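Comments concern the structure below.
The values are calculated or read from the model by the stated rules, or taken from the named source; none is laboratory data. Source: prediction; values computed, not measured. Positions of Cβ are generated from backbone atoms using ideal geometry, with glycine treated the same way; all protein chains shown enter the neighbour counts.
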Ligand code: 5GP
């Protein structure tokens with residue numbers, strides 16, 4: 001059987017993490033190693049290893065992840081000051097967890113990319 005991702009283990013409770021948002025399709029947690037004052041991960045319950053594995057049938061799911069990010073940005077009061085949303089994909093982007101997740105990063109002035 002394929003190994004569970006760390007995010008599947010968080011969802012099942014095998015790894016401890018506060019789930020700050022959850023619905024039928026997605027959940028969100030604070031990143032364990034934040035790169036800014038606010039660093040949240042928005043994660044689909046369905047494991048899609050990378051954005052390369054996304055299919056047409058995932059379009060609504062990915063859209064819901066962005067809607068969740070928008071709502072969390074407001075909840076954490078960074079919607080007006082600004083934030084960054086990103087998916088890392090594979091080695092050159094330093095993806096480390098092969099279960100897609102949308103990074104929501106803000107709460108301070110971010111460096112240019
Ligand atoms: P990636 O580099 O794959 O885009 O991002 C994976 C992210 O997951 C990293 O920012 C890393 O800090 C975070 N992460 C890895 N393991 C855990 C964990 O057990 N708990 C939480 N909350 N975040 C984790």
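Scanning the stretch 69-95 for residues that are away from the ligand (no atom under 16 Å from the Cβ) and in a helix (DSSP H, G or I) yields 70, 71, 73, 74, 75.
Residue selection: residue 104 fails the criterion of being farther than 24 Å from residue 4 by Cβ and either surrounded by 12 or more Cβ atoms within 10 Å (Cβ to Cβ) or more than 16 Å from the ligand (Cβ to nearest atom) (or both).
Just checking, how many residues over the stretch 1-59 are modelled with pLDDT of 95 or more, exposed (fewer than 11 other Cβ atoms within 10 Å of the Cβ), away from the ligand (no atom under 11 Å from the Cβ) and assigned to a loop (DSSP other than H, G, I, E, B)? Residues meeting the conditions: 4.
Contact map, the stretch 64-79: first residue at pLDDT 95 or above, second residue surrounded by 20 or more Cβ atoms within 10 Å (Cβ to Cβ) and assigned to a helix (DSSP H, G or I), Cβ cut-off under 8 Å, separation 6 or more or different chains; pairs are 79/73.
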